[in-house]
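First up is the structure itself, then whatever we jot down about it.
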Amino acid sequence: ERGNDLNKVAIHGPLRLVREGKELPFIIIAPQAPEGEDWNVAKLDKTLDKALKNINADEKRLYLTGLSRGGLGVWNWAIAHPDKFAAIAPIAGWSNVGGACAIAKVPTWIFHGEKDDVVRIFHSEDMVKWSKQCGGTPIFTRYPEANHDSWTATYNNQALYDWFLSHSK
């Protein structure tokens, strides 16, 4: 949900769940890409660095998730800093197979709807394939009946949060 209205970042994902009353044992930082722009890793780094200076967070437990274009942001940010994140979970995101080997050892759980007509499932399939070829062991959850919205089922699944918390740097 790009733009300059930060309320849009709570339409989907963990922030939506928190607004609806779900308690999550995380500090959630949810940046928003400006309208018409893709994710900028340098800006993301600055946002995270500033946040970490102002909050009491365990830097060995930084988890990264995002949906659609945010899924691509997950790939690109993790590829730029494979040692920064304890685990990543991209959802229905475009791929970046050129960087798959850089993050092969990062615990990764990928989610995608098989009927996705916005970001075709081959993007996630390619990341799984290339990660495995580089020695990675990604988990891949395919939703047979889901179109682009594979994030609602994903973020409603407590197993994702338990999985994140099982990983630390």
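The values are calculated or read from the model by the stated rules, or taken from the named source; none is laboratory data. As the structure is a prediction and not an experimental result, all values here were calculated from the model. All Cβ positions, glycine included, derive from the backbone under ideal geometry; neighbour counts span all protein chains shown. Keep in mind that these areas ignore ligands, DNA and RNA; they rest on the heavy atoms of the full protein, side chains included. Shrake-Rupley method; radii C 1.70, N 1.55, O 1.52, S 1.80 Å.
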> What's the lysine pair count for segment 28-160 at a Cα cut-off below 20 Å, pairs eight or more apart or interchain?
Replying inline: 13
> Using mean Cβ contacts within 10 Å as the protection proxy, how do 50-57, 133-140 order, highest first?
Replying inline: 133-140, 50-57
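If 69, 16 are ordered by their accessible area, calculated over protein heavy atoms with a 1.4 Å probe, which sequence runs from highest to lowest?
Values: 69 75, 16 50 Å².
Ranked list, largest accessible area first: 69, 16.
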>> Using each residue's phi in segment 23-33, evaluate 6.51 cos²θ - 1.76 cosθ + 1.60 at θ = phi - 60° and report the 3J(HN,Hα) Karplus result to the nearest Hz, with x for Gly and Pro.
In response: 9, 10, x, 9, 9, 9, 10, 10, x, 10, 6
> From the phi of every residue in segment 102-113, what ³J(HN,Hα) in whole Hz does the Karplus formula 6.51 cos²θ - 1.76 cosθ + 1.60 yield, where θ is phi - 60° and glycine or proline is x?
Replying inline: 5, 10, 4, 8, 7, x, 9, 10, 9, 10, 7, x
> Is any residue of segment 92-107 close enough, with backbone N under 16 Å, to a label point placed 7 angstrom from the Cα of residue 133 along the Cα-Cβ axis, and if so, which?
Replying inline: 95-105
> Expressed as a fraction of 2.2 N^0.38 Å, the rule-of-thumb size for a compact globular protein of N residues, what is the C-alpha radius of gyration of segment 69-120?
Replying inline: 1.09
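Given the chain, what whole percent of its Cα pairs are spread farther than 20 Å? Display every interim value, and only then the final one.
Details: 7028 of 14196 pairs.
When all Cα pairs of the chain are counted, 50 percent exceed 20 Å.
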> Once all Cα-Cα distances of segment 15-112 are split into 10 Å bins that start at 0, what whole-number percent is in each one?
Replying inline: 14, 48, 34, 4
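Could you calculate the FRET efficiency of residue 40 with residue 145 from 1/(1 + (r/R0)^6), where r is the beta carbon distance between them and R0 is 30 Å, rounded to 0.05?
Values: r = 35 Å, r/R0 = 1.16.
It comes to 0.30.
Of all the stretches in the chain, which is the longest one without any exposed loop site, taking GluC sites (Glu not before Pro) in a DSSP loop (any state but H, G, I, E, B) with at most 10 other Cβ atoms within 10 Å? Working shown, then result.
Working: sites that count: 20, 23, 35, 37, 59, 145.
It runs 60-144.
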> Based on the alpha carbon coordinates of segment 1-60, what radius of gyration and maximum Cα-Cα distance (Dmax) apply, in Å?
Replying inline: 12.7, 33
> Given the protein chains as shown and a 1.4 Å probe, how many square angstrom of residue 168 are accessible, to the nearest 10?
Replying inline: 60 Å²
